[in-house]
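Notes to accompany the following structure.
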Amino acid sequence: MNKRREIWNLPNSITLARISVVPFLFFLLASPGPFWSLTLAALFVLAALTDFLDGYIARKYNLITTMGKFLDPLADKLIVNTAMILMIPIGRIDAWIVVVIIIRDLIVDGIRSISSSEGIYIQASVLGKQKTVAQIIAVTALMIHYPFLGLDAHLVGTAIL
């Protein structure tokens with residue numbers, strides 16, 4: 001497979017599409033009201049589902065690439081962290097929570113980078129994947145923000161984080 005086709009394979013294209021969601025976060029978070037909050041949450045969940053889809057396709061069809069190994073976690077952190085940062089000024093999340101989460105991510109990424117440079121590759125663990133799912137659920141609830149299905153979505157999101 002030539003390099004261009006390797007980079008632009010289906011899983012990597014899905015990952016790049018997920019990254020393209022980030023600008024919409026700005027617009028939708030700035031739009032008040034339950035309709036826009038639900039629209040934002042739906043878009044965020046769709047982006048999160050593509051994370052599972054691109055990984056599944058890459059593994060099933062042996063389309064795992066170095067570019068994909070770099071882009072996939074970058075896309076995850078970019079979407080989740082951008083969403084959390086954007087929710088600080090509108091009061092949906094406390095800044096200290098976001099700082100702790102980002103510092104934790106930087107520490108884990110730093111350890112992975114150092115290990116990788118020494119030839120030791122640390123795979124994502126089940127616990128790490130559970131953390132990602134919990135963050136997606138929490139951020140989705142914080143995006144909804146309004147009472148939803150009889151629950152205080154803001155309280156649920158804050159409690160999960």
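The values are calculated or read from the model by the stated rules, or taken from the named source; none is laboratory data. Computed from a prediction, not measured in an experiment: that's the story for all the values here. As a convention, Cβ positions derive from the backbone with ideal geometry for all residues, glycine included, and neighbour counts pool all protein chains shown.
Close contacts from the stretch 8-26, counting a first residue that is over 14 Å from residue 55 (Cβ atoms) and a second that is outside any helix (DSSP H, G or I) and not charged (D, E, K, R), with Cβ to Cβ under 7 Å and a gap of 6+ residues or different chains, come to none at all.
Taken over the stretch 15-54, the criterion of being assigned to a helix (DSSP H, G or I), within 26 Å of residue 69 (Cα to Cα) and not aliphatic (A, V, I, L, M) is satisfied by 15, 18, 23, 24, 44, 50, 51, 52, 54.
Results for (1) farther than 19 Å from residue 25 by Cα; (2) exposed (fewer than 12 other Cβ atoms within 10 Å of the Cβ), shown as yes or no for each residue.
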{"position": "109", "(1), (2)": "yes, no"}
{"position": "119", "(1), (2)": "yes, yes"}
{"position": "140", "(1), (2)": "no, no"}
{"position": "150", "(1), (2)": "yes, yes"}
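Cβ-Cβ distances below 7 Å connect the following pairs, each with a first residue in the stretch 77-99 that is under 20 Å from residue 50 (Cβ atoms) and polar (S, T, N, Q), a second residue that is at pLDDT below 95 and in a helix (DSSP H, G or I), and a separation of six or more residues or different chains: 82/22; 82/25.
Do we find that residue 92 is part of a loop (DSSP other than H, G, I, E, B) and charged (D, E, K, R) in this structure? Yes; evaluated as a whole, the condition is true for this residue. Summed over the stretch 114-135, residues that are modelled with pLDDT under 85 and either in contact with a strand residue (DSSP E or B) (Cβ under 6 Å, 6 or more places away or on another chain) or part of a helix (DSSP H, G or I) (or both) total 4.
Within the stretch 85-107, restricting attention to residues that are exposed (fewer than 13 other Cβ atoms within 10 Å of the Cβ) and among the aliphatic types (A, V, I, L, M), which residue is farthest from residue 30 (Cα to Cα)? Checking each candidate, the answer is 107. Has the stretch 119-132 got any residue that is touching a His at 6+ places or on another chain (Cβ under 8 Å) and under 25 Å from residue 52 (Cα atoms)? The answer is no, given that none of the residues of the stretch 119-132 is touching a His at 6+ places or on another chain (Cβ under 8 Å) and under 25 Å from residue 52 (Cα atoms). Annotation note: Cβ proximity below 9 Å between a residue of the stretch 109-123 that is more than 21 Å from residue 76 (Cα to Cα) and a residue that is assigned to a helix (DSSP H, G or I) (sequence gap 6+ or interchain) occurs for 120/114.
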